[in-house]
Amino acid sequence: MTLPPESVKALEQWREAGAVRRENFLGMAAVIASPEMKQLLEVVSRIAPTHASVLITGETGTGKELVARAVHHFSGRSANPFVDINCAALPLQLLESELFGHEKGAFTGADAKKPGLFEMAAGGTLFLDEIGELDLAMQVKLLRALDGSAYYRLGGTHKVKVDVRIVAATNVDLSGAVEKGLFRRDLYHRLEQVRLDVPPLRRRPADVQALATHFLSLEAPHLRFSAACLDAIERYSWPGNVRELRNSVVRAACMARGEEIQVDDLPGGVREPDSVRNPAAASMDALEQQAIYRALTESGGNQDRAAQLLGISRRTLIRRLKSYRETLAEAVSLA
């Protein structure tokens, strides 16, 4: 496929960048220092010019949306719209209307015709975030659209057909969901023509200092980290990934009493002893659970505040707490 000149130039600039690469992917800043993320973005630059659907996997807060925007940025569709939607944020009927549009009078409150996101993304990219949360009935309708079939708007009598490249993201194990009957196998394979796995921050330590410095320059450019503070930041496992890192930098900047941020200015979990946060001393699941319980303690049990401290959504926090309860219940039943 022949790329437009602006995409060719973007690729050349990307490959020639220095040790710490800084990119702007559709308004989202990317700071990449680790070989893991450099390699991932190199793969993105190779698959972006194709028409293949892309499934991006990874933990919450690792930067899946940034990778999705990079796919569009490096593609031949970059001059056309990039449209995104969080599939977990809307109820089924409203999600169907958002994706496929509706005609006037299709349901109560539909006072005018509304094009769906597929139409709005025509010629460009439609990013479906948290695709693993889709209802099975909605999965059937989505599969038909992904296969290129024309579809009806809600309440419509004329079919709509558009050319859209699909990029989806999930922090759910979709293959496991398929085996449990929670996700359609045919849709899974349709989405996973190309799969990109975004590594968690604990597996890309070279990014930690670069990202922390970047976030500090945005929040408080007059401040700097002390050497001990940077050491603590680099040794922490960051179960909440980039979102947790950014929230911790913002909090530390607010707590700083001079021009240099000290270890004591960091959130309690970040400055705790190595034995608590070292992956060699405990499993990552245990570390994550400890971080969540610390955040709940610091927030006085307020789940919204705890989620903000961790850099994750309240929905994700509730799901993790539920899994801990189920694991404990299972262990008790086996005892």
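Any read-out appearing in this document is the output of simple, stated calculations on the displayed coordinates, not a laboratory observation. Since the model is a prediction, treat every value here as computed from it, not as a measurement. So basically every Cβ, Gly included, is an ideal-geometry build from the backbone, and we count neighbours across all protein chains shown.
Structure summary
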| quantity | calculated |
| --- | --- |
| Built amide H within the under 5 Å cut-off of residue 77, gap 5+ | none |
| Whichever lysines have a C-alpha closer than 16 Å to that of residue 180, once near sequence neighbours (fewer than 8 apart) are set aside | none |
| Answer label for Kirkwood radius over Cα pairs in Å (calculated), chosen among (i) 23.3; (ii) 19.8; (iii) 21.8 | (iii) |
| Dipole magnitude of segment 5-197 about its Cα centre (Cβ charges: Lys, Arg +1; Asp, Glu -1), debye to nearest 20 | 500 debye |
| Centre separation in Å (Cα based) which lies between segment 144-181 and segment 182-226 | 26 Å |
| The chain: antiparallel DSSP beta bridges as a percent of all, rounded to 5 | 30 percent |
| Magnitude of the charge dipole, the chain, Cβ model with Lys/Arg +1 and Asp/Glu -1, debye to 20 | 620 debye |
| Dipole axis of segment 195-263 (+1 Lys, Arg; -1 Asp, Glu on Cβ), positive-most option in 200, 211, 221 | 200 |
| Coordinate range along principal axes, alpha carbons of segment 5-197, Å, largest first | 55, 40, 25 |
| The chain: calculated mean residue ellipticity at 222 nm from DSSP helix runs of at least 4, using -39500 (n - 2.57) | -14000 deg cm²/dmol |
| Candidate lysines - alpha carbon under 24 Å from residue 159, same-chain residues fewer than 8 apart omitted | 104, 113, 114, 141 |
